[in-house]
Amino acid sequence: MSNLIEVRNVSKSFGGVVANRDISLDVPEGRVTGLIGPNGSGKTTLFNSIVGYHPIDEGSIQFEGQEISDMMVPEIARLGMLRTFQQTRIYSKMDCVKNMLISLPHRTEGYSSMFKPYGAETMEKADRLLEFVGLYSKRHLISGDLSFGQQKLLEFAMALMNEPKVLLLDEPTAGINPTLINGLIDRLRRATTELGITLFVIEHNMPVVMNLADNVYCLANGRLLAHGTPDEVQNDERVINAYLGGHLEMEDH
């Protein structure tokens, strides 16, 4: 099994505050890799470094064997790596279908290009992915009127529209109604098994990590604390002690 992402000895500081210190990890192709840790442990900083939002101070980040630590976000996205955010980034005044179309890669004509006719194949792809995430019946609704959980599903579908090789998800279940979480987990898993997309997921909800991830890394104070299967990491005393009160009942959103 090859690694799509290889992080080696990465460090990143902001104004003297060390966010990541000497972190090394791998994201295997075709698997779901989880990243956990207490608030402030450096998870989002690491994600931002991997996708090019800020340069690292030391170390190496490779994607499919190519060094990307000196690349900008658009360059890395063109290689096939995308990420989502804790707060959704959708076009709230447009319907779901238009959100899907405007997210298409290689659209260089600007904002007005989304009003130009699209081919039947593109429209079918948008509908198919909206159906995949369970939003087909709402495809003509204004996206800002969707629930927060549905907006996250839409953002997920928008990312899939780009056919990424690897998708970095920052707390995909945060703020979602608990009744929707199992459906989201199923769709994330199907994205890997059916669509062949590798997932790298930051998540605080331990039941989600246990049900979704094949392997898990834990950060604490900007350092790599543990790595293993979800069960191994959940029962690691170092991980348990890293959480408030030494209790690994992570917040359940």
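Where a number appears in this text, it was derived from the coordinates with a stated rule and is not lab data. Every value quoted in this text rests on a predicted model; they were computed, and no experiment measured them. Every residue, glycine among them, receives a Cβ derived from its backbone with ideal geometry; neighbour counts consider all protein chains shown.
Shape descriptor for the chain: Rg over Rh equals 0.97 (Cα atoms; Rh from the Kirkwood inverse mean 1/r).
Would you mind calculating the relative contact order of the chain from Cα pairs under 8 angstrom and at least 6 residues apart, reporting the percent as a whole number? Working shown, then result.
Numbers: 471 pairs, mean separation 65.2, N = 253.
Averaging sequence separation for qualifying contacts and normalising by length gives 26 percent for the chain.
I want the antiparallel fraction of DSSP beta bridges within the chain, as a percent rounded to 5. The antiparallel proportion sits near 55 percent.
Within the straight-line cut-off of under 18 Å between alpha carbons, the aspartates and glutamates reachable from residue 165 are 6, 26, 29, 64, 67, 75, 155, 194, 214, sequence neighbours fewer than 8 places apart in one chain being disregarded. For residue 12, the lysines whose Cα comes closer than 25 Å to its Cα, not counting residues fewer than 8 places off in the same chain, are 43.
Rounded to the nearest 20 Debye, what is the dipole magnitude of the chain about its Cα centre when Lys and Arg each give +1 and Asp and Glu each give -1 at the C-beta?
Result for the chain is approximately 740 debye, rounded to the nearest 20.
Counting only residues at least eight positions apart within a chain, or on another chain, the lysines with an alpha carbon under 16 Å from that of residue 98 are 116, 125, 138, 152.
Considering only 118, 82, 239, the residue lying farthest towards the positive end of the dipole of the chain is 118, judged by Cα position with unit charges set on Cβ.
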